[in-house]
Structure formats: structure tokens, C-alpha cells
Amino acid sequence: MAASPDPASPVPLVIIGGGGHAKVVIEIIRAIGGYHILGCTDAAATAAEVIGVPVLGDDDQLPRLFAAGVRHAFVAIGANRLRLALGQRLLQQGFTLISVLHPAAVVSPTAVVGRGVAVMPGAVINACAVIGDFAIINTLAAVEHDCRLGEGVHVAPRAALAGNVTLDTCVSVGIGAVVKPGVRIGAYTQVGAGAAVVSDLAANCLAMGVPARPRAPRPA
Ligand SMILES: CC(=O)SCCNC(=O)CCNC(=O)[C@H](O)C(C)(C)COP(=O)(O)OP(=O)(O)OC[C@H]1O[C@@H](n2cnc3c(N)ncnc32)[C@H](O)[C@@H]1OP(=O)(O)O
């Protein structure tokens, strides 16, 4: 995680994405303080600004911004694969990808949080959990002790991971879903809203229900 910025000299920052997730991220960055949000990039923008942040154009603007001295960025896109791919591209371009932790989130001092991670209000990340780059721990989600979350995962609002759960790359755990202790969920699998995952799930599947049952495999 990047060091905390100095509120007296705000760090210029660009946000990638301009949708609903970006709105939440913008408000967290404002709550943290210490950053000057220059704007956001959004190829599909329908307005000139997002809650007061100007839309700068599409991602082709990023090399120009880097050349102008902007070094800090955050990818605020909900789609896991796209968020991860763009984050990795920005790292290659030399940007520093900050993590945004809402002041009302609780993150254990023994947890490890990667780059480009969003932790929303009320989320709890408990002891010795490891959160991979570009993860989203959404509003009121619980990530219990010793969980291992890969890159690009999303734990949706009010979802709860018990201790020692492993989520591989780009897993999505739907709103209000729960995952039993020690369970491993394979890469790119999506768990439906309200599901109860009581045993391991393979990669690339869609699982839903109580207990969660995998449905037809999803395209890789
Ligand atoms: C801040 C934020 O907003 S973060 C956003 C977080 N997002 C989420 O949590 C989304 C989670 N997504 C879901 O739960 C979705 O319903 C999915 C991914 C499980 C399924 O989506 P789709 O493939 O589009 O399924 P679809 O809506 O066509 O439903 C197919 C069937 O599954 C059922 N179904 C859909 N979702 C669920 C669910 N979560 N649990 C149980 N059954 C479900 C439907 O009732 C339907 O049943 P039927 O065939 O008997 O009529």
C-alpha cells in the first residue's frame, strides 16, 4: 500500500472509470483526504462530470497525464477481469495504484492489503487476512482471519467469508452470500446473491442457492 498522503500538499490522482462504483470510490478518497482528483476516464461517459469530478475522456488520456507528471491512479471499475487488466497495464506504465480504505472500515494491523484495493464503509478485514491487488471489499462485507484473496476479487455488500477461506483470481461473491470456514473457490467463479457456500467450488463456474450448487460452466 502507498504511504498516506500529506493533507497539506494533495497528491494529483486520476480515476479510471466513471460509473456507480467510481462514485463510491470518489467519496472515499474525499473522506481520506490528501489527494487532488484531477478527473476520471470513461469511454462510455454520458455526462461531463461524475459527482463533481470531470470526465477527461477515454483511457488514451493516461499516457498524456503520466507525461504531465501524474503518478497516482485508481481503477474504479466493477467488472473484475477488466479492473485487473487495466490495473496491471497502469502498473506497467509506471503509475502507483493506491488503495482506498474508508475511514469506517476496520482493517486488522496484521492483514495485508495489496495495490488498487477498495475497502468500503463498514467492511471488516480481520487478522492475518491477505487481500490481493485490485480487490473490492464492499460495504459491510466481512473477511475473517487468515482468508487469502487473489487479484481482482469482489466480495459484495454484506457478504461474509469465514476464517481460512481462499478466493482465487477474480472470484465474485454476491451480495449477502456466506462462505464456510476453509472453503476454496476457484478462479473466475461467481457466487450468486444470498448463497451459502459450504464446500469448495471449481474455477469458472456460477454457483447459487443454499447450499450453493454450481450451474453450467461459464466461458473462460
Ligand atoms: C454495490 C453493488 O451493487 S455490488 C453488486 C453485487 N452484485 C451481486 O451480488 C450480483 C449477484 N448476482 C446474482 O445473484 C445473479 O442473479 C446470478 C449471477 C447468480 C445469476 O444471474 P443470471 O445468470 O443473469 O441468472 P438469471 O437472472 O437469468 O436467473 C436464472 C435462474 O437462476 C435463479 N437465480 C438467479 N440468481 C439467483 C440467486 N442469487 N440465488 C438463487 N437463484 C437465483 C433465477 O430465479 C432463475 O431461476 P429460474 O430459471 O427457475 O427462473
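Taken together, the values in this text are just the output of simple stated rules run on the coordinates, not laboratory data. Computed from a predicted structure; not experimentally measured. Cβ sites come from the backbone with ideal geometry, for glycine too, and all protein chains shown count toward neighbours.
Using the average count of surrounding beta-carbon atoms within 10 Å as a protection proxy, the listed peptides 34-47, 186-199, 111-124, 130-143 rank, highest first, as 130-143, 111-124, 186-199, 34-47. Suppose R0 equals 30 Å; then what is the FRET efficiency for ARG213 and VAL112 from their Cβ-Cβ distance, rounded to the nearest 0.05? The computed FRET efficiency comes out at 0.40.
Once you compute Rg and the Kirkwood Rh from C-alpha atoms, what is the Rg to Rh ratio for the chain?
Rounded to two decimals, Rg over Rh is 0.98.
Compute the orientation-averaged projected area for region 101-206 from the convex hull of its Cα atoms and round it to one decimal in nm².
4.9
Relative to the longest principal axis of the Cα atoms of the chain, helix 80-93 runs at roughly 40 degrees. Roughly speaking, what % of Cα-Cα pairs in region 11-98 are separated by over 23 Å, rounded to a whole number? Value for region 11-98 (Cα pairs over 23 Å): 12 percent.
Summed over qualifying helices (DSSP H, 4 residues or more, each -39500 (n - 2.57)) and divided by its residue number, the chain shows a 222 nm mean residue ellipticity of -4500 deg cm²/dmol.
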